[in-house]
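One structure below.
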Amino acid sequence: MSKTILITGAASGFGKIVAFDLAKKGHKIIATAQVYPQMSDLIREAKEQGVDLTVDKLDVTSQRDVDYIVKKYGDIDILISNAGIMEGGPIAEQPVDIIRSMFEVNVFGALNLAQGFIKRFVEKKSGKIIFTSSMGGLWTVPYVAAYCSSKHALESIAEGLRTELAPFNIKIATCNPGVFGTGFNDRGVDSIFHWYDPKINFTPESAFDGAAESLAHQLDPQSMAEVIVNVALDDNSNFRNVHPKETEEFVKQLQAEAWTAKS
């Protein structure tokens, strides 16, 4: 059965791949982008590929955009809350306004939009929300701790929604990617050097030496997109969906070790 699915952050990365894949499977897709130039690119690419997409503007930090989208597309079946940002750097020195901006998008923006659709889902006793979280929502990666903290918050919100909305037949799931080559991680690393100055900051520049190697071994995002697609279409999907399997096992090991870690 064809479903109506709204995807945030569909201008690039997982959101874009998922939007196109679901549309090709015959589902009605509303692919949203933060700014108008991204919309234009999505419309052009969909036309070139012969894919039927509805494209609209949605900055999840704009209440005006959120109100417009919920009013216009209130009858969706599934919300894939994928919009997110990452800026890296040592949390002991990272400017708090940067951290606040990540929470505005990754936490408050995601929750605010979800609440708008939840009201509609409750009325019809049906609906599903999938949050694109991160492996960083389940453990803390050095030098992206602030980003991870926003995803930890999102995980808690998702767990709360899952429990509270079960009586209304509303499904909640999270998808937790490992390190995939969407450009997201590259931009997150690059953001550090827009404020970090080794002449001023006490964190040594050598702390970031491993970043280049990590970015050089990123995975093909198609496999993660397929996980998100499968979770969206499976009425009995797992709540938590970490991919790849090696990342899931690594996270479980770290969580176990946390109980004996010393201060």
Worksheet item: How large is the charge dipole for the chain, taken about the Cα centre, if only the Cβ atoms of Lys, Arg (+1) and Asp, Glu (-1) carry charge, to the nearest 20 debye?
Response: 1040
Worksheet item: Got a number for carbon plus sulfur as a percent of the chain's accessible area, 1.4 Å probe?
Response: 52
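What is the sum of charges, Lys and Arg at +1 and Asp and Glu at -1, for the other residues whose Cβ falls under 10 Å from the Cβ of K128? Mind dumping the intermediate values first?
On the way: positive: K3, K171; negative: D77, D234, D235.
Computed value for this residue: -1.
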Item to complete: Can you work out the accessible area per residue across segment 100-174, with the rest of the protein chains kept in place, probe 1.4 Å, in square angstrom?
Response: 41
Fill in: Nitroxide proxy distance, nm - points 7 Å out along Cα→Cβ at E104 and V35
1.4
Worksheet item: Given the Cα-Cα distance of K47 and E213 and 0.36 nm per residue of separation, how much length would full extension add, in nm?
Response: 56.1 nm
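Find how much the distance from Q253 to E159 grows on full extension, using 0.36 nm per residue of separation minus their present alpha carbon separation; answer in nm with one decimal. Could the numbers behind the result be given before it?
Details: separation 94, 0.36 × 94 = 33.84 nm, distance 2.10 nm.
Full extension from Q253 to E159 adds 31.7 nm.
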Worksheet item: Label K119 and F202 with points 7 Å out from Cα along Cα→Cβ: what is the distance between them in nm?
Response: 4.8
Response to the item:
Sorted list, accessible surface of protein heavy atoms, 1.4 Å probe, largest first, for T260, T140, T132 is T260, T140, T132
Fill in: Accessible solvent surface per residue of segment 176-263, calculated while the other protein chains remain in place, 1.4 angstrom probe, Å²
64
Worksheet entry | Spacing of the two label points (7 Å from each Cα toward its C-beta) at H194 and D234, in nm | 3.6
Item to complete: Among the listed pairs K71/K128; K71/K151; K16/K125, give every one whose C-alpha distance is greater than 20 Å.
Response: K71/K151; K16/K125
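Could you tally the net charge around I30, taking each other residue with its Cβ under 10 Å from the Cβ of I30, Lys/Arg +1 and Asp/Glu -1?
+1
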Response to the item:
Cross-link reach from K245 to aspartates and glutamates, straight Cα distance under 17 Å and at least 8 residues apart if same chain, gives D220, E226
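The values are calculated or read from the model by the stated rules, or taken from the named source; none is laboratory data. On a predicted model such as this, the values are computed, not experimentally measured, just so you know. Here Cβ is always computed from backbone atoms with ideal geometry, including for glycine, and neighbour counts include all displayed protein chains. With ligands, DNA and RNA removed, areas are computed over all heavy atoms of the protein, side chains included. Shrake-Rupley method; radii C 1.70, N 1.55, O 1.52, S 1.80 Å.
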